[in-house]
Amino acid sequence: MPIPPKDIASSRIEELRKLINQYSYEYHVLDAPSVEDAVYDSLFGELKSLEVAYPELITPDSPTQRVGNELKSGFEKVRHSSRMLSLNDVFDIEEVRAWITRMDKVLPGAKHEFFADIKMDGLACSLIYEDGLLVRAVTRGDSFVGEDVTNNVRTIQNVPLRLRETKGYTQFLDGRTEIRGEIVMLKKDFEALNRSQQAAGKPAFANPRNLAAGTIRQFDPKLVAQRPLTFVGYDLLRDTPSEVPTNMFAYQAISALGLRRNQEARVFTTLTDVMNFVYDWDKKRHDLPFNTDGLVIKVNDREQFSKLGVVGKQPRAAVAYKYAAEQATTIVRDIVISIGRTGAATPVAVFDPVVVAGTTVQHASLHNADEIARKDVRVGDTVIIFKAGDIIPQVESVVKELRPKQSTAFDYEQELKKQYPEMEFIRPSGEAVYRVKGMTGPLLLKRALEHFASKGALDIDTLGEKNVVALVDAGLVKDLADIYTLTKSQLLQLDRFGEISAQKLVDAIAAKSRPPLERFVYGLGIRHVGTQTAIDLVAAFESLERLTYATIDQLRAVDGIGEVVAESVAAWFADDDNIALLAKFRKLGVDPQYQKKTGGLAGKNFVVTGSLESMSRDEAAEKIRAQGGTFQSSVGKDTTYLVAGGKVGASKLSKAEKYGTKIITEQELLNLIGQ
């Protein structure tokens, strides 16, 4: 179409912006579009062409200005005007009643008026408007300080770049208005995105919450714009608190200003009404457009809310009511028994992989013989699986109506003899746990530590049998990971160590904080996993995390891995003691490495100093190794690149300069690994 003169174009641009914003509000906030998409697209195209012709007429709040420039140096840290607090969890009516009682003790005689809304499963974010114009978007972070993600949030279609002018709420267009909410990916959008992923031959995403959180922290807003995120507001803050008298008023204002909020929120004056609301949504929550695990219940009056104060990290005046963990059914294919570091024999149910609360699980601890007998869990049973605290998978109960006709009760002692014919077990009086006879916890630990430090495993110099005995007997080492906490001063307290030998052992252990992954897996002492089996497993899964969560079928598919080995590996990684041990290794900085021989980064060695914005160090290490590179903990003569993140370590920079190591930014690292 022909381009009109500037004065006419200016007027037309203003009209187009106003109309496009109205259509966008109807579509994204009211969910009631008044025109077809083609009409919107046509008007949007006209606006773009006019702005191209007259770029001086472009304003920051124009609908065409949602996608900003790619970040080059990470996200800026921003301190919140007030803390973005978390809430205490409650699980039943008695805990809600106790919460009300505690508030009544602080404010006796206060009027009861409760605001209740459905809790969204997304990424908390704060939108800051100055005189109605969006100037900043900040993630929750540690509740005090978040990250500036304004560039990315501007791409979210239902976030207005300028607040909507509505009669009765124009005061919020003057000065600073902060709207807090959740960035979510709606179920329909998540499902559509996964369909397109699969159609393109790409893997599906696991769950919408993690995808939303990961998307909003991408450095390139153009990538963010390709994913359908939605902002849903739940709070409004002003410098003058009296301008927002109640939480319900805050919701009304959020809608009036042009943002989406949950329409299901209600105000109640009695506990009975609150709980009816809770129970009602427990039945209907799966029909919601977003995922939820509960509701938020608050004191509605904001002045009263403020007077009740904060205890620790949680406000007194609000709680999160959590629904029962999501459940699923599956079939138990086997019950294997794992021997922990104390000699305890722990049964583990191995079942068909099933998705519970957004993740796939395939095994769960049955704890002990009494627990198996109480629930009467048998091989072949259909069982109900749930996640305790939405984290740890557990067997809730057996669906006995589906039990196979030839089913027999699990004989614990017979299974011990079958699975461990070379061992003898006893069950001490008054205990529920069977243990290996004649092998105390310390004796098992000594053998395990000797194996962990042996030549075929981590090959830790000077950590031989006598030193192992001395360390365990002195109580300095209570599990394998404890060796990484040893200090020279601790060793000097033992008769076996002098200045030189103590320093030598500490240095030898520190030198093995990044062992080859196959040696580390072998060193863990998993039953039936020898040197070659460890190599085969690592070659197949390439990371400890993937091996940890491998299914029985995936393990069985590895060349040289049969049924017995597959079940033994799965049982080891399902044991609570072993889960805690691996977490402790990670906390102490032990980072087993998979050495990939080929790739674009083959022969290149990387060290990261300071904090990375786009990923953790572990994630960076995995990405580097996946491209054939090597991730190092300290700068040496063979270090190719030193990646300098935030809060850079001066010593590493000094070493890099000394050895001529190239210092690169995080963005340059992302370019190298193809991100």
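Where a number appears in this text, it was derived from the coordinates with a stated rule and is not lab data. Here the structure is a predicted model, which means the values were calculated and not measured. So basically every Cβ, Gly included, is an ideal-geometry build from the backbone, and we count neighbours across all protein chains shown.
List every residue whose amide H lies under 5 Å from the amide H of Leu366, counting only residues 5 or more places away in sequence or on a different chain, with H placed 1.01 Å from N in the peptide plane.
Hits under the 5 Å cutoff: Val348, Ala349.
Enter the Cα centre distance for the pair segment 476-554 and segment 158-185, rounded to the nearest angstrom.
Centre-to-centre (Cα) distance: 54 Å.
Lysine pairs in segment 605-672 with Cα distance under 16 Å, only those 8 or more apart or on different chains: how many are there?
Summing the qualifying lysine pairs gives 5.
Ranked from highest to lowest mean number of other Cβ atoms within 10 Å per residue, what is the order of the peptides 345-352, 304-311, 193-200, 604-611?
Taking the mean over residues of other Cβ atoms within 10 Å, the ranking is 345-352, 604-611, 304-311, 193-200.
If neighbour count is taken as other Cβ atoms inside 10 Å, put Lys637, Lys405 in order from fewest to most.
Ordered by Cβ neighbours within 10 Å, fewest first: Lys405, Lys637.
Please find the FRET efficiency linking Glu401 to Thr269, where r is the Cβ-Cβ separation and R0 is fixed at 45 Å, and quote it to the nearest 0.05.
Step by step, r from the Cβ atoms, then E = 0.55.
Taking amide H positions as placed 1.01 Å from N in the peptide plane, with prolines and chain starts having none, which residues 5 or more places from Ala124, or on another chain, fall under 5 Å of its amide H?
Residues meeting the amide H criterion: Arg140, Ile183.
If the reach is capped at under 20 angstrom between alpha carbons, list the lysines near Lys418, excluding any in the same chain fewer than eight residues apart.
Correct list for Lys418: Lys437.
Applying 1/(1 + (r/R0)^6) with R0 = 30 Å to the Cβ-Cβ distance of Asp553 and Lys188, what FRET efficiency is obtained, to the nearest 0.05?
0.45
Find the all-direction average of the projected area of the Cα convex hull for the chain, expressing the result in square nanometres with one decimal place.
Computed as one quarter of the Cα hull surface, the answer is 38.2 nm².
How much length, in nm to one decimal, is gained on full extension between Thr408 and Asp104, taken as 0.36 nm per residue of separation minus their Cα-Cα distance?
Answer, rounded to one decimal: 103.9 nm.
I need the fraction of alpha carbon pairs in segment 88-322 separated by more than 27 Å, rounded to a whole percent.
When every Cα pair of segment 88-322 is considered, 39 percent fall beyond 27 Å.
Given the rule -39500 (n - 2.57) for each run of at least 4 DSSP H residues, summed and divided by the residues of the chain, what is its mean residue ellipticity at 222 nm, to the nearest 500 deg cm²/dmol?
Calculated at 222 nm, the ellipticity per residue is -11000 deg cm²/dmol.
Which three extents, in angstrom, do the Cα atoms of segment 605-672 have along their principal axes, listed largest first?
28, 25, 18
Just give me a number: lysine pairs in segment 203-343, eight or more positions apart or cross-chain, with C-alpha atoms less than 22 Å apart.
Here the count comes out as 8.
How high is the relative contact order of the chain, in percent, counting Cα pairs under 8 Å that sit 6 or more residues apart?
Computed over the chain, the figure is 10 percent.
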